[in-house]
1. Taking the condition under 28 Å from the mean Cα position of the chain (by Cα) and loosely packed, with under 13 Cβ neighbours inside 10 Å, does B:GLN359 pass?
2. Looking at B:LEU170, is it within 24 Å of A:GLY74 (Cβ to Cβ) and either assigned by TED's automatic domain parsing to the domain that holds B:GLN291 or within 19 Å of the chain's Cα centre (by Cα) (or both)?
3. Which one of B:ALA30, B:ALA57, B:ALA10, B:ALA36 is in contact with a strand residue (DSSP E or B) (Cβ under 7 Å, 6 or more places away or on another chain) and either surrounded by fewer than 19 Cβ atoms within 10 Å (Cβ to Cβ) or at pLDDT below 95 (or both)?
4. Give the residue that is nearest to the other protein chains (Cβ to nearest Cβ), with candidates limited to residues of segment A:4-17 that are surrounded by fewer than 23 Cβ atoms within 10 Å (Cβ to Cβ) and among the aliphatic types (A, V, I, L, M).
5. Given the structure, is B:PHE44 buried (at least 16 other Cβ atoms within 10 Å of the Cβ) and in a loop (DSSP other than H, G, I, E, B)?
6. So in segment B:139-155, with the set limited to residues that are in contact with a helix residue (DSSP H, G or I) (Cβ under 6 Å, 6 or more places away or on another chain) and outside any helix (DSSP H, G or I), which one is surrounded by the most Cβ atoms within 10 Å (Cβ to Cβ)?
7. Just checking: which of the helices (runs of 4 or more DSSP H) contained wholly in segment A:27-107 hold 3 or more residues that are among the aliphatic types (A, V, I, L, M), farther than 24 Å from B:ALA212 by Cα and away from chain B (no Cβ under 14 Å)?
8. Please name all residue pairs, on different chains or six or more residues apart, with Cβ atoms under 6 Å, provided the first residue is in segment B:403-415 and is closer than 25 Å to A:LYS144 by Cα and the second residue is of a type outside the set (A, V, I, L, M).
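The values are calculated or read from the model by the stated rules, or taken from the named source; none is laboratory data. Since the structure is predicted, the reported quantities are computational estimates derived from the model, not experimental observations. All Cβ positions, even for glycine, are placed from backbone atoms using ideal geometry, and neighbour counts span all protein chains on display.
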Amino acid sequence: MPVMNMIQAINSALDVMLERDDDVVVFGEDVGYFGGVFRATAGLQQKYGRMRVFDTPIAEGGIVATAIGMGAYGLRPVTEIQFADYIYPAFDQLVSEAARLRYRSGGEFWAPLTVRAPCGGGIYGGPTHSQSPESLFTHVCGLKTVIPSTPYDAKGLLIAAIEDDDPVIFFEPKRLYNGPFDGHHDRPVTPWSKHAASEVPDGHYAIPLGKAAVVRPGSEVTVLAYGTMVHVALAAVHESGVDAEVIDLRTLMPLDIDGIAASVARTGRCVIVHEATRTSGFGAELMAVVQERCFWNLQAPIERVTGWDVPYPHALEWDYFPGPDRVAAALKRAMETS
Amino acid sequence: MNQFVNNAQALRLHIPEPQCRPGDAPDFGALRLPPAGGLPRPGFTADESTLRHLPYALIRVLDDDDAAVGEWRPNLGLERLCEGLRAMMLTRAFDEAMQRAQRKGKASFFIKSTGEEAVAVAQAYALDARDMLFPSYRQQGLLIARGWPIEQMMCQILSNSGDQLKGRQLPTMYSAREAGVFSLSGNLGTQFPQAVGWAMASALRGDTRIAASWVGDGTTAEADFHHALTFASVYRAPVILNVVNNQWAISSFAGIAGGERATFAARAIGYGMAGLRVDGNDFLAVHAATQWAAERARANAGATLIELYTYRAAAHSTSDDPSAYRPREEAAQWPLGDPIERLKRHLIRCEAWSESRQQALQQEVDEQVRAALRQAESLGVIGDTRIERDSLFDDVYKTLPAHLQAQREQLRKEG
């Protein structure tokens with residue numbers, strides 16, 4: 001089985017879909033000849049030609065708008081927004097257009113586009129290269145929002161996203177591109193090759209959208225996380241010695257509510273972790289869902305560990321980042337409450 | 001050491017104001033209208049660098065004596081022109097009937113296209129029936145010219161059980177896939193770059209169909225307008241981008257959108273794109289300009305920006321009262337006249353039409369609209385729409401996800 005990092009897995013997913021489906025076109029800023037600033041599209045223009053993989057002007061609104069038009073024509077566009085922080089110029093096209101097209105046209109038109117965007121911090125990106133804007137999109141009915149945490153999942157979920165007939169926002173935690181980063185920024189980088197989920201089949205496979213994965217079974221507390229925070233949570237669980245069940249949500253919309261509820265009903269405790277800022281973050285939705293479904297099972301208040309409600313700072317990024325120590329503290333609080 | 005400018009004068013900001021406001025006599029004296037027929041028609045594959053005078057010219061075919069003159073005169077048979085007259089009159093009759101229906105409380109909202117019927121009808125006639133149209137909300141004439149049933153449009157406006165959009169959209173935000181008309185958005189200008197994307201896809205596929213889209217003068221200020229021009233220019237997409245300059249964006253005159261110093265067609269120059277400016281109330285000129293742009297697009301010679309110079313004779317919508325911001329008499333004094341009246345006079349001059357046939361046609365389209373509205377109203381009106389309640393949750397996604405199934409159950413139980 002080939003071993004891939006997350007960038008190679010994403011590249012492989014695009015390669016598989018370009019090969020399988022003539023309707024797939026890949027475009028965005030610097031994605032053509034150069035292969036993308038993170039190399040996710042490296043070699044694809046050379047392999048499939050400029051009519052399938054091409055560069056665009058620096059106009060995120062234009063990229064998404066033209067993708068909607070192509071989708072309405074019958075193509076299956078996959079666009080790259082170079083950083084999730086740059087997605088806001090395309091917000092209107094995503095929220096008012098892509099998300100509502102099927103509904104407002106009574107099902108006559110739809111836009112099966114996939115919007116890839118690297119998200120998250122930990123790379124000294126400062127306020128404009130580090131954001132995690134997923135909750136802005138999960139709030140929008142009509143969109144699906146996906147965030148993988150491993151190379152294997154990234155490929156399977158991206159293929160599912162491309163094959164999906166609804167618009168999908170596909171956030172790629174860029175701190176995970178080269179390794180399963182656990183939040184210990186002062187330690188040497190662990191490469192993906194030492195991780196089981198770096199074994200990625202060459203061919204086609206899809207991971208259904210809307211299904212969470214239990215990445216560590218446990219009995220005492222349920223940890224809900226996605227993206228980079230899955231690995232941070234695993235480290236915190238390991239270091240704190242709590243027998244936690246760690247769930248990687250993988251898809252935020254549609255959300256695997258039944259999977260979450262089944263776990264929390266069993267453990268009676270819940271810690272929610274995300275890198276995005278706290279107020280109105282996706283953790284708020286998760287807390288509401290857990291409270292609605294599991295109130296009588298809860299033995300402790302639901303905890304959430306998030307980025308602070310400040311712009312992502314440059315020099316102090318590790319003080320912003322909800323690292324394993326903060327997750328461990330939350331686990332401890334959850335376990336202390338009876 | 002820092003340098004400072006001495007005795008600099010106080011800076012002043014320019015806030016554009018229209019020439020006339022309510023109470024003033026309308027004055028279009030500043031309009032420079034070149035005579036019809038004087039402008040040469042370049043070949044449709046001409047290099048853009050040879051076309052840069054056109055955005056500041058005005059394509060006119062019908063002269064003051066109602067004759068069709070000059071190189072832009074389109075090759076349109078009289079029979080086709082009579083059909084065009086009928087489609088424009090049907091559009092106007094439709095507008096009048098739906099305005100009245102809204103006033104009677106049968107629809108929540110409506111938008112008339114009075115005075116702009118030539119824009120939609122002549123442009124639809126100049127395009128192939130398979131070309132894809134991405135209109136704004138004042139081009140109902142496109143649907144009518146393509147023969148889309150007006151009952152269907154009425155059901156959309158009444159938001160009733162006959163509405164194929166299931167009562168979801170604001171009245172006039174039509175969608176008609178079968179007629180090659182894209183779903184209208186209520187957000188201004190979003191369809192402009194989408195049309196470019198559709199055209200890019202058509203070209204990527206080696207298809208032969210082109211796309212066309214419409215915005216108003218006000219919407220040229222939106223980023224989406226510029227995205228459309230950038231992408232259309234960069235990829236030489238087979239698309240026609242139309243700016244219907246009807247002088248007013250609700251209460252803001254075209255100067256507020258940047259129309260004082262340059263024409264809207266001239267936006268094309270900076271993009272290296274062909275730009276045409278045409279008398280939007282001259283059916284023949286609109287047809288000619290659109291046909292030129294369509295031929296150019298089909299020849300892979302690139303996109304064209306067309307400014308259709310016209311006047312919004314009616315209110316912006318049923319929620320608007322233009323007497324609050326412009327002289328009441330302005331529409332009647334628009335120097336380029338009324339598109340229906342002008343085409344009628346041309347046809348009479350060509351001895352293909354008469355005042356009595358005009359009267360008969362008026363009765364015919366009025367009766368057609370009355371019958372269609374009776375039929376549409378039998379399927380419900382706003383307030384009594386007879387839309388299936390469960391349909392509320394359909395089409396958000398292709399298949400109903402679990403959380404929407406749960407919400408549908410809750411609605412069924414709790415109302």
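1. Criteria met by B:GLN359.
2. For B:LEU170, the condition - within 24 Å of A:GLY74 (Cβ to Cβ) and either assigned by TED's automatic domain parsing to the domain that holds B:GLN291 or within 19 Å of the chain's Cα centre (by Cα) (or both) - is not met.
3. From the options B:ALA30, B:ALA57, B:ALA10, B:ALA36, the qualifying one is B:ALA57.
4. A:MET17
5. yes
6. Looking at residues that are in contact with a helix residue (DSSP H, G or I) (Cβ under 6 Å, 6 or more places away or on another chain) and outside any helix (DSSP H, G or I), I get B:GLN139.
7. Those helices (runs of 4 or more DSSP H) do not exist here; none qualify.
8. Cβ pairs passing all conditions: B:LEU404/B:PHE393; B:ARG408/B:PHE393.
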